[in-house]
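Just so it is clear, none of the values below were taken in a lab; they were calculated from the coordinates. Note that the structure is a prediction, hence the values are computed from the model and not measured. Neighbour counts run over all protein chains shown; Cβ positions are idealised from the backbone, glycine included.
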Amino acid sequence: MKKITIAVDGFSSCGKSTLAKAIAVELDYGYVDTGAMYRATTLYFLRNKIDLKNNEEVQNALCHVNISFKSLEGKNCTFLNDENVEEEIREMEVSNWVSPVATISSVRRAMVAQQREMGKEKGVVMDGRDIGTVVFPDAELKIFLTANMEIRAQRRYDELISKGQKVKRSEIATNLSERDRIDSTREDSPLRKADDAIEIDNSNLTKEEQMELALKLIQEKMSLQV
Ligand code: DC
């Protein structure tokens, strides 16, 4: 069976990574969490006190940001220069800074180049904000996930609490709305649904129902491959 490229885009905390990971396991495809790449870059910038307004400083810093993924005990982990930063990049400080960092064009260029390299052989599920519009505009299947804000905030809250983080629900909702606003209004590659993307609102769907829907779409797209 010919391998395809699957793009999963959408707003923050819509369950993109849950769906994308499940599809990758089902099809035995690679999985790339592009949000984790922007988060790891943000962590590097925070640790090294990079001035986001200083283009030269940002460009220089990008030369020292090496991001990779490894599966450890079945868990997808993000590495920044050989350090496992999977937990740290999900904390509130990174969440509060990642959208401003993701507006910087030189950062986007560096991330997109790596993402295209990671997906060049196809057989990949990539989730993010601009996968179907910029990174892989020719992806055979593009899914655009949405869910209502209350449900998204609750899901994120449950996830962070289960990891032992001390967060307030109101703080999460504010962070999500602010990231949505910055992500969809930025000048360079704003978050938007690609014209040929299929929208799934999962507010009232279980993970299984969502997966069933996605698999149906995948079968349709695969049957069109020669
Ligand atoms: O998927 P996430 O919430 O971990 O993404 C974190 C941030 O990274 C998000 O607020 C916007 C940015 N991002 C982006 O601009 N483009 C992508 N392809 C993925 C994420």
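The table that follows gives values for the structure above.
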read-out	value
Alpha-carbon gyration tensor eigenvalues x 5, square-rooted, for the chain, Å	27, 21, 17
Mean separation of Cα contacts under 8 Å, 6 or more apart, over the residue count of the stretch 43-170: relative contact order %	13
Relative contact order computed over the stretch 114-226 (Cα-Cα under 8 Å; 6+ residues apart), in percent	36
With at most 11 other Cβ atoms within 10 Å, longest stretch of the chain clear of loop trypsin sites (Lys or Arg not before Pro) (DSSP)	54-119
Overall dimensions of the stretch 49-98 by Cα: Rg and Dmax, Å	13.0, 40
The stretch 164-226: GluC sites (Glu not before Pro) falling in loop per DSSP and having at most 14 other Cβ within 10 Å	Glu187
The chain: relative contact order in percent, alpha carbon pairs under 8 Å with at least 6 residues between	33
The stretch 1-23 and the stretch 35-98: distance between their alpha carbon centers, rounded to Å	21
DSSP-loop GluC sites (Glu not before Pro) across the stretch 47-97, with at most 13 other Cβ within 10 angstrom	Glu73, Glu87
With Cα atoms, 0 to 90° folded angle of helix 92-102 axis to the chain main axis	80
Between the stretch 120-144 and the stretch 173-187, the Cα center-to-center distance that results, in Å	21
